[in-house]
Amino acid sequence: MAEKIHGLLTPGNVTLVMVDFQPQMAFAVHSIDGQTLINNAVGLAKAAKLFKVPTILTTVAEMSFSGPMFPKILDVFPGEKTMDRTTMNFWEDRDVRRFVEKTGRKKLLLAGLWTEICIVLPAINAIEDGYEVYFVEDACGDVSSGAHAMAVQRMIQAGAVPMNWLQVLLELQRDWARAETYYGVLDIAKEHAG
């Protein structure tokens, strides 16, 4: 049996899930500088919006503990409601799962806090359920570099594919002749890629 090859992401085949970009989740992140994390997450969000990739903004215990999603991410999707959960694993939340299934897409792109729980658990469950899972390593953060590294390793061993946010942007564009997104890609790269 041939090994499964994970194909390229396209605007028409992937769904982005942005997980728990909230103050109380971010305070303990030490695997990446906070401003770099926010920059990368916002760059990723803008890429998804530019290419009209269905995007789920999900939070955990927003009203009781973790606070609202970072305003810079919400600003990319004005009027979009976040899907608040009680579960650490968004794959176990009926509403989030229903939204993913409704898109009809079998490729999931994940980014968020904390890598070791809120990204690893749904990544493994989604793979078990037949989804191709990609995670944006530089738009994820964890309590330590070691915890993040072990989470990354565990996801790769389970079959998930690591990416970075700029790679996502450029993979969705792929051809500079795609004039409808050309200037948007340049603007995002100039603002968020240094």
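The values are calculated or read from the model by the stated rules, or taken from the named source; none is laboratory data. Computed from a prediction, not measured in an experiment: that's the story for all the values here. Glycine also receives a Cβ, built like all others from the backbone with ideal geometry; neighbour counts cover every protein chain displayed. These accessible areas exclude ligands, DNA and RNA; they are computed on the full protein's heavy atoms, side chains included. Shrake-Rupley method; radii C 1.70, N 1.55, O 1.52, S 1.80 Å.
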Review point. How large is ³J(HN,Hα) for each residue in segment 55-61, as worked out from phi by the Karplus curve 6.51 cos²θ - 1.76 cosθ + 1.60 (θ = phi - 60°), to whole Hz, x for Gly and Pro?
Key: 10, 9, 9, 10, 10, 10, 6
Point to revise | Percent carbon-and-sulfur accessible area, the chain, ignoring ligands, DNA and RNA, probe 1.4 Å | key: 57 percent
Study note, to complete from the structure: In whole percent, the Cα-Cα distances of segment 75-133 spread across 5 Å bins from 0 upward as 4, 16, 27, 28, 18, 6, 1
Review point. Rg(Cα) of segment 149-194 divided by 2.2 N^0.38 Å?
Key: 1.51
Point to revise | Relative frequency of Cα-Cα separations exceeding 32 Å in the chain, percent | key: 9 percent
Exercise for review: Quick one: work out Rg over Rh on the C-alpha atoms of segment 41-156, Rh as Kirkwood radius.
Suggested key: 0.93
Exercise for review: With a 1.4 Å probe and every protein chain left in place, tell me how much accessible area Leu170 has, in Å² to the nearest 10.
Suggested key: 70 Å²
Review point. Taking a threshold of 24 Å on the Cα-Cα distance, which of the pairs Lys52/Lys106; Lys49/Lys102; Lys72/Lys102; Lys72/Lys106; Lys102/Lys190; Lys107/Lys190 fall above it?
Key: Lys72/Lys102; Lys72/Lys106; Lys102/Lys190; Lys107/Lys190
Check your understanding: Accessible area per residue of segment 40-194 at 1.4 Å probe, in Å²?
Key -> 47 Å²
Study note, to complete from the structure: Here, chymotrypsin sites (Phe, Trp or Tyr not before Pro) of segment 108-194 satisfying both criteria (DSSP loop; at most 14 other Cβ within 10 Å) are Trp176
Review point. Which far-off residues, 5 or more places away or on another chain, put their amide H under 5 Å from the one on Val14, with H placed in the peptide plane?
Key: none
Exercise for review: Give the shape of segment 91-174 as rounded, prolate or oblate, defined through the alpha-carbon gyration tensor: a ≥ b ≥ c are the square roots of its eigenvalues, a/c under 1.5 means rounded, and otherwise the shape is prolate if a/b is larger than b/c and oblate if not.
Suggested key: oblate
**Study point:** Whole-Hz ³J(HN,Hα) from phi, Karplus 6.51 cos²θ - 1.76 cosθ + 1.60, for segment 13-20, glycine and proline x
**Key:** 10, 10, 10, 9, 10, 9, 10, 6
Check your understanding: Convex hull volume of the Cα atoms in segment 1-85, per residue, in Å³?
Key -> 137 Å³
Practice item. Based on the mean of other Cβ atoms within 10 Å per residue, sort peptides 147-153, 118-124 so the most packed one is first. Key: 118-124, 147-153
